[in-house]
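Trainee: Sharing a structure with you now.
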Amino acid sequence: MNVQDLGSIGELVAAVATVLTLGYLAFQLRQNNNLAAGTAQRELMAGFNTNLDRVRDSSELFIRGLRDFNNLSNVEKAEFQLVLNPFINHLELPLRMVKRGLESQDNVDIYGDICLARIQEPGCRACWEKCKPLFFPLSREYIERRLADEGSLPPRIGDSPEWFLEEVGQPGTPIQGDESGT
């Protein structure tokens, strides 16, 4: 075996080592991406749960605002908007994550459906129309696109079981004013 043969073997070993190193780095990158996606999804859910707590703490106002935003006092309108805004603004994060490949479109649509179930109510729609320029662009565009495609809309929150939207002291009061209570 001469020097040239040893040089060829050395190049082959170096090439194999390079391929193995690149394979290991690709594996590590994929693992890190999976970890980042999992962390982001946990943070999304934590933020969503915080938003639900806000609704629970202001449920009577939230129900009245869903029915008729324009009949709320200015202070109540501001409070209603402060309860509603996090749901809509929360949608921005999964929309950005989809662009980075860290979230699936299915999960975005779940969060979008939660927003749209509320925005379809007359009071919430009035609030949306007045306040939509204040929201992040991706969220605003997503909601406007979905509202324009009625076939893509989820059931309204007012279509929920009556116990979900009962007013304190007025059980069974439907959100749309339907006297049947359904």
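The values are calculated or read from the model by the stated rules, or taken from the named source; none is laboratory data. Just so you know, these numbers come straight off a predicted model, no measurement behind them. Reconstructed Cβ throughout: ideal geometry from the backbone, glycine too, with neighbour counts over all protein chains shown.
Trainee: Please go through the stretch 132-157 and pick out each residue that is surrounded by fewer than 16 Cβ atoms within 10 Å (Cβ to Cβ) and assigned to a helix (DSSP H, G or I).
Mentor: Selection gives 132, 133, 134, 137, 141, 144, 145, 147, 148, 150, 151, 152.
Trainee: Okay, moving on. Does the stretch 77-100 include one or more residues that are at positive phi, at pLDDT below 85, outside any helix (DSSP H, G or I) and exposed (fewer than 15 other Cβ atoms within 10 Å of the Cβ)?
Mentor: No - not one qualifying residue is present in the stretch 77-100.
Trainee: Right, something else. Give me a count of the residues in the stretch 1-43 that are over 17 Å from residue 102 (Cα atoms) and either touching a Leu at 6+ places or on another chain (Cβ under 9 Å) or not β-branched (Val, Ile, Thr) (or both).
Mentor: Final tally of qualifying residues: 18.
Trainee: Determine which single condition residue 113 fails, assuming it passes every other condition in (1) surrounded by 19 or more Cβ atoms within 10 Å (Cβ to Cβ); (2) in contact with a Leu (Cβ under 9 Å, 6 or more places away or on another chain); (3) of a type in the set (D, E, K, R); (4) at pLDDT 90 or above.
Mentor: Going through the list (1) surrounded by 19 or more Cβ atoms within 10 Å (Cβ to Cβ); (2) in contact with a Leu (Cβ under 9 Å, 6 or more places away or on another chain); (3) of a type in the set (D, E, K, R); (4) at pLDDT 90 or above, residue 113 breaks only (1).
Trainee: Which of the residues belonging to the stretch 74-95 are of a type in the set (D, E, K, R) and more than 10 Å from the chain's Cα centre (by Cα)?
Mentor: First, pick out the residues of the stretch 74-95 that are of a type in the set (D, E, K, R): 76-77, 79, 92.
Answer for the stretch 74-95, where residues must be of a type in the set (D, E, K, R) and more than 10 Å from the chain's Cα centre (by Cα): 76, 77, 79.
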